[in-house]
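No value in this document is a laboratory result; all are computed from the given coordinates. Predicted model, so just to flag it, every value in this text is computed and none were measured. Note that each Cβ is placed from the backbone with ideal geometry, even for glycine, and that neighbours are counted across all protein chains shown.
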Amino acid sequence: MGLVFGAFLVLFGIMTFTESPFSMGTVRGEQDGIPLINGFIGFSYESSEPSFWELAYTSTAFSGLLWVVFMVLSTDVVAKEFQTGTIKLSVAHGQNIYKIYLCKWVATICVLGVMHYVYSAITSAVTFAYNGVVPSGEELAQLLALVSFHFLVMAVLTAICFTLYVITDSTVAVLAVIPIFMFSSVFVTAIYGDDRNLLAETYLNINPMYHLSQASRFWAEGEVIYSTTLFGVIGIPVLLILSYLLLRRRELK
């Protein structure tokens with residue numbers, strides 16, 4: 001993971017100093033002359049004096065991609081303990097399988113969370129320093145909120161992947177669910193736009209990639225704060241309870 005972390009920082013530095021645009025999203029409008037985006041867009045400014053939010057978008061441009069790579073690697077490590085029987089040996093010595101699972105999930109979230117915040121701090125410092133901008137305390141608080149919304153959504157995505165592994169015993173399924181979430185979110189949004197029926201709206205509300213893509217607009221659209229927070233507050237406990245029931249059933253068998 002250290003190599004991946006370093007590689008992403010090097011890539012970010014190259015993109016910054018070459019001013020090469022990066023886009024895994026779209027601009028859906030603007031407010032007060034500032035673009036409102038879906039997804040991640042960076043290193044592409046509308047003027048020679050970019051706004052604070054354009055710089056914030058840039059500093060977090062690789063955050064989602066980095067977390068996905070970290071999550072795949074960490075899920076694979078945890079999966080190997082189940083596959084090789086290490087977990088079974090611990091259970092045979094009297095340890096509770098769900099406690100083991102929960103500890104590994106919490107440890108994964110903590111490690112990835114620390115790396116996420118450290119990475120964001122470094123990329124933000126590079127971005128603002130390169131553009132000669134000193135953000136105010138309020139702007140730093142907003143940037144921290146953006147990074148935290150990303151963290152919350154990606155914590156739910158990690159819980160989904162862990163739960164999916166418990167269900168399928170397959171790391172392939174975990175790898176497949178990420179692009180499925182991503183492309184289906186784009187597909188549904190493209191078809192229905194803002195005029196969505198109940199089924200489409202429900203699906204997007206449980207799709208982590210949808211929440212991740214709209215997080216950057218929280219400062220302009222208050223409903224994003226509500227929906228993203230609700231997604232995390234409800235999603236994580238539900239997934240942990242589901243994992244408990246599945247592991248309990250496996251233990252009884």
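By the beta-carbon count within 10 Å of each Cβ, the least crowded to most crowded order of ILE180, ILE97, fewest first, is ILE180, ILE97.
So I have (i) 59, 39, 33; (ii) 64, 44, 30; (iii) 44, 41, 35, and one of them is Cα extents along the principal axes in Å calculated from this model. Which one is it? Structure-derived value, by its label: (ii).
Segment 210-238 and segment 101-116 have Cα centres spaced 21 Å apart. Hey, what angle do you get for helix 2-18 against the long axis of the chain, alpha-carbon based, 0 to 90 degrees rounded to 10? Computed tilt is about 10 degrees. Taking amide H atoms as placed 1.01 Å from N in the peptide plane, the amide H of SER44 lies under 5 Å from those of PHE22, each 5 or more residues away in sequence or on another chain.
With label points built 7 Å along Cα→Cβ from the Cα atoms of LEU3 and GLU139, find their separation and express it in nm. Result for the modelled spin labels: 3.8 nm. The mean of 1/r over all pairs of different alpha-carbon atoms in segment 103-253, once inverted, gives a Kirkwood hydrodynamic radius of 17.3 Å.
Might you report the magnitude of the Cβ-based charge dipole of the chain about its Cα centre, with Lys and Arg at +1 and Asp and Glu at -1, to the nearest 20 debye?
Working: 11 positive and 17 negative charges, 315 e Å.
It comes to approximately 1520 debye.
For segment 2-252, the residue among TYR244, PHE12, GLN31 whose Cα projects farthest onto the positive side of the dipole built from Cβ charges is TYR244. Summarising the label geometry, the points placed 7 Å from Cα in the beta-carbon direction at ILE180 and LEU11 lie 2.5 nm from one another.
What angle, in degrees between 0 and 90 and rounded to the nearest 10, separates the Cα long axis of helix 222-252 from the longest principal axis of the Cα atoms of the chain? It is inclined by approximately 20 degrees.
Working from label points 7 Å from Cα in the Cα-to-Cβ sense, the TYR244 to THR229 distance is 2.5 nm.
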